[in-house]
Amino acid sequence: MGRLEGKVIVMSAAAQGIGRAAAIAFAREGALVTATDINEEKLKELASYPGIKTRVVDVTKRDQIEALAKEFDHVDVLFNVAGFVHHGSILDCAEADWDFTMNLNVRSMYLMIKVFLPKMLARKSGNIINMASVASSIKGVVNRCAYSTSKAAIIGLTKSVAADFIEQGIRCNCICPGTVDTPSLRERIQARPDPEQAMRDFLARQKMGRMCTAEEVAHLCVYLAADESAFITGTEQIIDGGWSM
């Protein structure tokens, strides 16, 4: 039996990067995974994995989340991954950029938890995992103003949910990666005026001499989703290769 045998897991942003790696890792450990994303084409690539079913869901839309929730009588693990990285200081951040970042990075998690938490409370059992970042209240990072603010808010949301519902059998933790080598990161590097220099800059700040892989983060996701982490709640789990030291 796998470490997650029979657990029902619902997650967002599963089409690529950390979300995709986590969905596959969950399924390999025996979980029944519903992987959601707005990218239907990328989601189709997950359909061949036993234990994974896909749904196209925009997690900034409450009606779509509520429609998804109606498919489940219970959910063991809710994994909120969806997010966007805005590049720039506060002076580079237009109001539209700020609003989009907060809507996708924070409000989507608020909506997902708001909709799925009652199902967990009905069974007095549930596990919520939120994707935050070291770029947050943990560490100030250049040109990550909107992003870091949103991720600091996620840490606060995580701790609040954990504190409010600990006596009702609910756990809530967040994962705080450093720089992870994902398609999203590669796209952002290519969008810089000098992609080669941007890559050198990213690598220069890695104390271990390399970036984290999505699969390494997925291992931590499995641990937090599994019963072996049953005494852990309200925490920010840092996986950054020592960057925040």
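No lab work stands behind these numbers, since they all come straight from the coordinates. The structure displayed is predicted, hence computed values, not measured ones. Heads up, the Cβs are rebuilt from the backbone with ideal geometry, glycines too, and the neighbour counts pull from every protein chain shown.
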Practice task
With +1 on each Lys and Arg Cβ and -1 on each Asp and Glu Cβ, and nothing else charged, work out how big the dipole of the chain is about its Cα centre, in Debye to the nearest 20.
Solution key: 240 debye
Exercise for the section: For every other residue with a beta carbon closer than 14 angstrom to the beta carbon of M211, add +1 if it is Lys or Arg and -1 if Asp or Glu, then tell me the sum. Expected result: +1
Exercise for the section: Could you tell me which of the pairs K42/K70; K124/K159; K70/K114 are separated by over 20 angstrom between their Cα atoms in the structure shown? Expected result: K42/K70
Problem - Rounded tilt (10° steps) of 195-204 against the dominant C-alpha axis of the chain - result: 70 degrees
Handout entry: Listed candidates [x] 113; [y] 126; [z] 154 - label of the one calculated as volume of the Cα convex hull per residue in Å³
Key = [y]
Problem - Ordering of 52-61, 160-169, 128-137, 77-86 by burial proxy (mean other Cβ atoms within 10 Å per residue, highest first) - result: 128-137, 77-86, 52-61, 160-169
Practice task
Let me know the charge dipole size of region 135-244 about its Cα centre in debye, to the nearest 20, where only the beta-carbon of Lys, Arg (+1) and Asp, Glu (-1) is charged.
Solution key: 460 debye
Handout entry: Net charge over other residues, Cβ less than 13 angstrom from the Cβ of G156 (K, R count +1; D, E count -1)
Key = 0
Practice task
Return the FRET efficiency for the residue pair D58, D227: r is the Cβ-Cβ distance, R0 is 25 Å, and the value is rounded to the nearest 0.05.
Solution key: 0.20
Practice task
Choose one of N80, I52, Q64: the residue whose Cα lies farthest towards the positive end of the charge dipole of region 40-98 (beta-carbon charges +1 Lys, Arg; -1 Asp, Glu; about the Cα centre).
Solution key: I52
Handout entry: Total formal charge among the other residues, if their Cβ is under 13 angstrom from that of V59, Lys/Arg +1 and Asp/Glu -1
Key = +1
Practice task
Which order do the peptides 216-224, 200-208 take when ranked by the mean count of other beta-carbon atoms within 10 Å per residue, highest first?
Solution key: 216-224, 200-208
Fill in the blank from the handout: Taking the alpha-carbon centre of each part, the distance from region 133-149 to region 55-125 in Å is 20 Å
